[in-house]
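Below is one structure, written out as structure tokens; comments come after it.
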Amino acid sequence: MNVRLDLGLLSGLLALGSAPGPPPRTPAPVSDSLTSLREVSGLRVLQRLNRANDLVVVSLYLLGGTRQLTERTAGIEELLLDAAAQGSEHFPGDQGQRAMARAGAVEVIAPDPDWTVFGFIVLRQDLDSTWNVFADRLLRPTLSAEAVRRAREEMLTTVRRRYSDPDERIRVIANKSTFKDHPYALDPQGTEESLAQITASDLSDYARTQMVTSRMLLVVVGNVGTARVDSLVTATIGRLPHGSYAWTLPPSVPRQKQSRWLIEGRQLPTNYILGYFTGPDASSNDYAAFRVATGLLSSRLTEAIRIEHSLSYAVYAPFLERAVGVGGLYASTPKPEEVLPLMYQQIRSLLDEPIDGWVLHRFINTHRVEYVARNGSDEEQADFLARAQLYLGDYRQSGRYMQQLHRVSPEDVMRVADRYMRSIQWAYIGDIARMEGHW
């Protein structure tokens, strides 16, 4: 596999051979002549040049995520973008979709708790024509009754599947349990109730008030110069109102003092357990140690539950990469009453038993390589840069996580496990009788 290393990541890898020392409070930004951040017509543009191939990734980050929503409007941003794909002023009906298909462009609409990504991936020679479709959807969506109806039906189909499939639904339940009274409790993809209530007028009002350049970060990665990108922005989305939006990190998640369960009884051959525990903010010095501890927990869950006891084919510790880090424990199993004690046992081992320094060193080295590989494509690089800019305040801090990894000690793993893994918010779908006395 041909993987390009981010310059910040590369500097972290080169640090492997250096002697460990105390983590710097704020690592020095890594200089990168191929990447620039600038303002074009009131829009922040973060761009990385890559001449290794002719692909161009365009990702527009619409900031705010679930903080833009209420229970009634959950899903409104994705519905607006989906409806705009059904027709805009210069590309009525399916003409825009046909134009994108002719260019071989891959469209992206990805709602997230912290933002929505709207963009595309295309070959350099088709950038201008694809950009015109993309920009027209932002500037001049028709939002006809038929376009809204079709977009709503497509989203409802997805939502119904997500809420009825137990393996998907348990994530919804665990999310509500963990983020009670926090914006993350809202579903950026919407619910059946919210999608049914959002009107075409709501979409028009949202487009008029929220599609402003102060709420946007445009990230472009690929073989295209800055002058070409600037001219496209100036002629199109740079003409949107600037607005007065100011990006801030979401509030910290109030840590629950006690664990609790949200339970949904069903007679199923497989039962589903998912627990979440909230960790530090992405800007915290504890973030790397917390992520390592969650990774170690995942490895131990697999070893104890799947390999040693053959109780599950799918068991791991999920990690949710958000402004507020979230770890967890997941298993699908016919014997939940046997799996749950093993889950608690693995957490206790992290709390009470110091991990061997050499074992931790090898685990972190493997994690480093996997982390770099995951951020190798242009699309992943765009997301990597955006997260550094938005979570850490400077894309040049993209190597900070790698620097922190180098300094994670066995004592750090025990400390963050003790601090963040004691209170777990659980969700369960399955046979309630099997779990009597185990809650």
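Readers should treat all values here as calculations from the given coordinates under stated rules, not as data from a laboratory. Just so it is clear, the structure is predicted and the values come from calculations on it, not from any experiment. As a convention, Cβ positions derive from the backbone with ideal geometry for all residues, glycine included, and neighbour counts pool all protein chains shown.
Evaluate E = 1/(1 + (r/R0)^6) for GLU192 and TRP358, where r is the Cβ-Cβ distance and R0 equals 41 Å; express this FRET efficiency to the nearest 0.05. Once rounded, the FRET efficiency stands at 0.20. Once the mean of 1/r is taken over each pair of separate Cα atoms and inverted, the chain shows a Kirkwood hydrodynamic radius of 23.4 Å. Spatial offset of region 132-195 relative to region 386-439 amounts to 26 Å, using the alpha carbon center of each. For LYS257, the aspartates and glutamates whose Cα comes closer than 19 Å to its Cα, not counting residues fewer than 8 places off in the same chain, are ASP181, ASP281, ASP418. Note on LYS335: lysines with a C-alpha under 26 Å away, same-chain residues under 8 apart excluded, are LYS176. Here the dipole of the chain is about 620 debye; that uses its Cα centre as origin and unit charges on the Cβ of Lys and Arg (positive) and Asp and Glu (negative). Please name which of TRP358, LEU80, LEU217 has its Cα lying farthest along the dipole of the chain towards the positive end, using unit charges on Cβ (Lys, Arg +1; Asp, Glu -1) and the Cα centre as origin. Checked the options; the winner is TRP358.
For region 219-320, dividing the convex hull volume of the Cα atoms by the residue count gives 266 Å³ per residue.
The long axis of helix 378-392 is offset from the longest Cα principal axis of the chain by roughly 70 degrees.
Compute, for region 257-382, the length of the dipole vector about the Cα centre, with Cβ point charges of +1 (Lys, Arg) and -1 (Asp, Glu) only. Units Debye, rounded to 20.
Values: 12 positive and 15 negative charges, 53 e Å.
Here region 257-382 has a charge dipole of around 260 debye.
For LYS180, a cut-off of 15 angstrom between C-alpha atoms picks up these aspartates and glutamates, skipping any fewer than 8 places away in its own chain: GLU71. Inter-part distance, region 311-348 to region 216-284, computed on C-alpha centroids, equals 23 Å. Projected label points at VAL106 and ALA227, each 7 Å from Cα along the beta carbon direction, are separated by 3.0 nanometres.
Bridges between two residues of the chain, per DSSP, are antiparallel at a rate of about 80%. Each label was represented as a point 7 Å from its Cα along the Cα-to-Cβ direction; for ARG415 and SER283 these points are 2.0 nm apart.
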